[in-house]
1. Do we have Val99 as touching a strand residue (DSSP E or B) at 6+ places or on another chain (Cβ under 7 Å) and more than 16 Å from ligand 2 (Cβ to nearest atom) here?
2. Identify the single condition in (1) at pLDDT 95 or above; (2) within 21 Å of Lys203 (Cβ to Cβ); (3) not charged (D, E, K, R) that Leu303 does not satisfy, given that it satisfies every other one.
3. Of the residues Ala137, Ala144, which is over 27 Å from Ala343 (Cα atoms) and in a helix (DSSP H, G or I)?
4. Does Ala25 satisfy being farther than 17 Å from Gly125 by Cα and either within 13 Å of ligand 1 (Cβ to nearest atom) or crowded, with 24+ Cβ neighbours inside 10 Å (or both)?
5. Report, by residue number, each residue of segment 648-672 that is surrounded by 15 or more Cβ atoms within 10 Å (Cβ to Cβ) and outside any loop (DSSP other than H, G, I, E, B).
6. Within segment 25-37, work out how many residues are over 17 Å from Val84 (Cβ atoms) and assigned to a helix (DSSP H, G or I).
7. Can you pull out every residue in segment 273-286 that is more than 10 Å from ligand 1 (Cβ to nearest atom) and either in contact (Cβ under 8 Å) with a residue 12 or more places away in the chain or in contact with a helix residue (DSSP H, G or I) (Cβ under 7 Å, 6 or more places away or on another chain) (or both)?
8. Within segment 234-245, is there a residue that is in contact with a Lys or Arg (Cβ under 7 Å, 6 or more places away or on another chain), of a type in the set (Asp, Glu), part of a loop (DSSP other than H, G, I, E, B) and away from ligand 1 (no atom under 13 Å from the Cβ)?
Amino acid sequence: MADQTSLYTLCVTTIRTLAMDAVQAANSGHPGTPMALAPVAYYLWNRVMTFDPDEPVWPNRDRFVLSVGHASMLLYAMLHLCRVKAVGEDYCGTDDLAVTLDEIKRFRQLESKCPGHPEYHWTSGVETTTGPLGQGAANSVGMAMAQRWMAKYFNRPGFDIMTYDVFALCGDGCLMEGISSEAASLAGHLKLSNLCWIYDNNKITIEGSTSLVFSEDVGARFAAYGWQVAHVDDANDLDKLSRAVQVFKKETGRPTLIIVDSHIAFGAPNKQDTHGAHGEPLGEEEIRLTKKNYDWPEDAKFLVPDEVPRHIQDGLGQRGKAARESWMQMFKDYRAKYPQLAAHLHTMQHRQLPDGWDRGLTEFPSDRKGLASRESSAKVLNALAKEVPWLIGGSADLAPSTKTRLTFEGAGDFEAGTEGGRNLHFGVREHAMGAIMSGLALSKVRPYGSGFLIFSDYGRPAIRLASMMEIPVIYVFTHDSIGVGEDGPTHQPIEQLASLRAIPGLVTIRPADANEVVEAWRVIMQIQHQPVILALTRQALPTLDRSQYASARGVAQGAYVLADTDDGQPEVLLCATGSEVSLCVEAYERLKVEGIKSRVVSMPSWELFELQNQEYKDSVLPPSVTARVSVEQAATFGWSRYVGLSGTSIGMKTFGASAPLKDLTKHFGFTVDHVIAAAKEQLQMPVRI
Ligand SMILES: Cc1ncc(C[n+]2csc(CCOP(=O)(O)OP(=O)(O)O)c2C)c(N)n1
Ligand SMILES: [Mg+2]
C-alpha cells in the first residue's frame with residue numbers, strides 16, 4: 001500500500017497527464033492551467049469538500065466552480081477520478097459515470113461529455129457553465145447568497161439543512177474582468193464567509209506576462225472589498241494550501257481570497273511559465289519529456305492507476321457519503337417535525353410551485369387611463385411572492401422605478417445579518433446581478449432581477465449564459481421604449497428587444513396592458529428551464545375592456561387575436577406588442593367605422609408563439625391575408641417574419657430623442673393616424689392624413 005505522499009503524487013500526476021493527453025488528442029484546448037492547478041483541485045476535492053460523488057445534486061453539497069472555464073480538463077479529470085455519477089431524469093444519481101475515460105478521450109468532440117468549456121446540464125457535477133471569464137466567479141456569489149437565504153428559511157435548531165460552502169477557481173482573466181469586481185464588492189459587503197475564491201496567480205494570460213497589463217495589488221484590492229486574503233506561494237505545497245483553507249473555514253465575517261502562486265504547465269521542461277502552454281497542445285515530444293520529468297511512463301496515454309480512484313473514494317467518497325447519509329437521517333426527523341418546510345425544499349429543488357401559488361392573481365378592471373405595466377407587475381409580483389416563499393429578487397439600484405420591491409409584511413431585505421430577507425439589493429451592478437441571479441437559480445431558489453431595458457446590454461453575457469444553462473431566471477426590464485421620454489436616446493432602448501429575441505431559448509414577453517401582465521407572470525412562474533425577459537412600460541397603458549376584446553389568457557400562446565371583424569375574415573392585420581397594442585386597437589375601431597375590416601393581433605411573446613402548432617399560427621396570422629402592419633417602439637429588425645416582404649413595420653429606424661412623450665410619439669410616427677395610413681397603404685387605398 002503506497003503512503004499518502006506517493007498517493008498524492010500519483011493522483012496529481014494522473015490529473016496532469018489526463019489533461020495533457022486529452023488536449024493533445026483533441027489537438028486543441030488548454031493543458032497548462034490544469035497541470036498547474038492539479039494539486040489545488042486534488043486538495044479541495046479530496047480533503048476539503050463535502051460532496052457525495054453518488055449524488056451530485058444533493059442540495060447541501062459544497063459547490064466547486066471552475067471560473068477559469070478553459071481549464072475544463074481539470075474539472076473533467078476530477079469528475080472522472082472522483083467517480084461522480086451521472087444524474088438521471090429524476091434528479092437522482094445513476095450507476096453511470098458522469099465522465100468516463102472514453103469521454104475524456106473524446107474531449108472537445110461532438111456530443112462528448114467533455115466539451116471545450118464546462119456546460120451545466122450536460123455534464124453532471126458541472127455546477128455552472130463557464131468560459132466567459134469572470135462569470136463563474138460571479139455565479140459563485142449567487143450560490144453563496146442562496147446558501148445564506150436557504151439557511152435562514154430552512155434551518156431550525158438542531159437541523160442544519162443548508163450549510164454548504166462555495167469554492168471558485170479564478171484566473172488572472174477572471175480578476176481583470178469587471179464582473180468579478182462587481183461581484184466581489186457585493187460579496188464583501190454581504191460578508192459571505194461561506195465563499196472562497198482561489199486565484200491562480202500564474203502571471204500569464206494569452207498575450208504573455210500579466211506585467212503587460214495587470215500590475216495592481218490584487219490582495220489589497222480584495223482586502224478593501226472587505227475580504228480576508230491569504231497567500232500560498234506554491235501551488236504544490238499542500239501544507240500551505242491546507243493552512244489557507246483552514247483560515248477560510250474559521251472565518252465567520254468575510255469571504256476569503258486565497259492567492260495561489262502557480263506555474264502554468266508545471267513540469268513541462270520547455271513550456272512551463274510560458275503563454276504557449278495556455279491554449280495549445282504541448283506537442284508529442286514535450287509530453288514525453290514532461291511525463292519523464294514526472295516519473296511517469298513516457299508512452300502511456302490516458303493512464304489512470306487503480307489506486308487513484310480508490311484513494312479518492314477513501315477520501316472524498318467516504319466523507320461525502322457519510323455527510324449525505326447523516327443529512328438524510330436528519331432530514332427524516334426534520335420532515336416529521338417541519339412537514340411544510342420539508343415539502344417546500346422538495347418543491348423548490350424540483351423547480352415546482354407550491355399549491356395555491358396563483359391564488360392572489362386577479363383581473364384588473366377595464367380602465368381607459370389605465371396604469372403602467374411596471375405598476376401592474378408590482379401588484380402581481382407581490383401577490384405571487386406571498387405564495388411562493390423562495391421567489392426572491394431585487395434590482396440594480398432601480399427598484400423605486402422598476403417597482404419590483406416586495407412590500408408585504410415580513411418580506412424584509414437581504415443584508416448581512418438578515419439574509420432571510422426577500423428583497424435583494426444588487427447595487428449598480430447589472431452584469432454581476434445577472435450572473436448572481438444565475439447562481440441563485442442554480443441553487444434552486446427562484447430569482448428575479450430588474451433594471452431599465454436599456455441596461456440589459458450591461459448584463460447580456462449573463463442573460464445569454466442563463467439561456468444556455470436552461471435556468472429560469474426572471475429579468476424584469478422596465479422603461480421598455482422611447483416612451484421613457486425626456487431621458488433621451490441614452491435611456492431609450494431601440495435594438496435591445498430584437499437582440500434579446502435573437503438569444504436562443506430566451507423568452508421575451510412585452511405585455512400590452514395590466515391583464516396581459518397578469519397572464520405573463522402566470523406563464524413565467526410555470527417556466528422551469530428558460531430565462532425570461534419581461535419588458536414593461538414606465539408610462540400608463542389603458543386596461544382593455546376584455547368583455548369587448550379577447551381574453552388576455554391568449555398571452556400563453558405568445559400571440560392571439562385581440563380584436564377582429566365580425567366574420568373573422570380581416571383584410572388587414574395590425575400586429576403589435578406592449579404599449580403599441582392599444583394604438584392598434586384605436587386604429588381598428590376607426591377603420592371599422594370606415595368599413596375597413598382589420599384584425600388586431602397582440603404578440604407579447606414571439607418565442608411562445610413560435611411554440612404553437614401551424615394551425616394555431618395560421619389562425620392568428622392567416623397566410624391569405626398579406627396586408628399587414630406591425631407597430632413596435634423598437635428596431636423593426638425581425639418583424640418581416642410576421643409582416644412578410646410586402647408588409648409594413650412602424651418602428652424605430654434611428655436612436656430616440658429627449659422630449660416629452662407625446663412629442664416623441666408624434667415625431668417618430670406612433671400615432672393612430674399613422675397606423676391607419678399604413679393599413680390603407682397596405683390595402684392600396686388612397687391615404688389622406
Ligand atoms: C470574457 C472573456 N474574454 C476573453 C476570453 C478569451 N480567453 C480565454 S483564456 C484567456 C486568458 C486567460 O488568462 P488567465 O485567466 O490568466 O488564464 P491562464 O492562461 O492563466 O490559464 C482569454 C483572454 C474569455 N474566455 N472570456
Ligand atoms: Mg493566468
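1. no
2. Answer for Leu303: the failing condition is (2).
3. Details: Ala144 fails: over 27 Å from Ala343 (Cα atoms).
Exactly one of Ala137, Ala144 is over 27 Å from Ala343 (Cα atoms) and in a helix (DSSP H, G or I), namely Ala137.
4. On the way: farther than 17 Å from Gly125 by Cα: yes; either within 13 Å of ligand 1 (Cβ to nearest atom) or crowded, with 24+ Cβ neighbours inside 10 Å (or both): no.
For Ala25, the condition - farther than 17 Å from Gly125 by Cα and either within 13 Å of ligand 1 (Cβ to nearest atom) or crowded, with 24+ Cβ neighbours inside 10 Å (or both) - is not met.
5. Those that are surrounded by 15 or more Cβ atoms within 10 Å (Cβ to Cβ) and outside any loop (DSSP other than H, G, I, E, B): Thr648, Ser649, Ile650, Gly651, Met652, Leu661, Leu664, Thr665, Val672.
6. Residues meeting the conditions: 7.
7. As a first pass, look at segment 273-286 and keep what is more than 10 Å from ligand 1 (Cβ to nearest atom): 273-274, 276, 280-286.
Correct list: Asp273, Thr274, Glu280, Pro281, Leu282, Gly283, Glu284, Glu286.
8. yes
The values are calculated or read from the model by the stated rules, or taken from the named source; none is laboratory data. As the structure is a prediction and not an experimental result, all values here were calculated from the model. Note that we place each Cβ from the backbone using ideal geometry, even for glycine, and neighbour counts take in every protein chain shown.
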